[in-house]
Amino acid sequence: MAKSTPPTNSSSGTQGFSEGQAKYQAAPELPQRWILKVAPDGRFVIPAAARAAMELGEEGKVTAYLEDGVLKLVSPRVAIRHIQEMLKPYRSETDSIVDEFIAERRAEAAREEQEN
């Protein structure tokens with residue numbers, strides 16, 4: 001009786017399960033989800049864990065917007081962090097925009113003083 005060998009996929013060159021250690025990546029972390037009850041007047045309570053993850057803080061204000069029919073809530077702290085990340089490629093590591101602004105103001109004041 002002939003010994004059978006595990007099948008291989010000749011088009012991709014992959015091996016069967018017994019031919020080697022498979023390399024798996026961990027699944028990405030799934031987003032946290034909650035079922036919220038919406039009152040007839042439209043109010044709902046954001047769970048404490050969600051408020052903490054949103055870095056909501058004491059002010060308790062969020063920006064709400066619709067994106068493809070999905071309501072999204074963003075706290076000011078998280079919004080600022082997202083904006084900073086978006087602008088990071090345009091930031092100069094060596095130059096300070098504040099120092100540049102002060103230098104421009106001083107140069108302008110010096111020109112005005114020379115004119116008078």
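Across region 81-93, coupling constants 3J(HN,Hα) worked out from phi with the 6.51/-1.76/1.60 Karplus curve, θ = phi - 60°, read 4, 5, 5, 4, 5, 5, 8, 3, x, 9, 7, 8, 6 Hz, and Gly and Pro carry x.
Exposure proxy shown here: for Met86, Met54, the number of other Cβ atoms within 10 Å sets the order, fewest to most, as Met86, Met54. Counting only residues at least eight positions apart within a chain, or on another chain, the aspartates and glutamates with an alpha carbon under 16 Å from that of Lys72 are Glu55.
When Tyr65, Tyr90 are arranged by Cβ crowding within 10 Å, least crowded first, meaning fewest neighbours, the order is Tyr90, Tyr65.
Judged by the mean number of other Cβ atoms found within 10 Å, the most tightly packed of the peptides 91-97, 71-77 leads the ranking 71-77, 91-97.
Quick note: the coordinates plus some simple rules give every number you see, no bench work behind them. Remember, it's a predicted structure, so these values are computed and weren't measured experimentally. Using ideal geometry, Cβ is built from the backbone for each residue, glycine included, and neighbour counts are taken over all protein chains shown.
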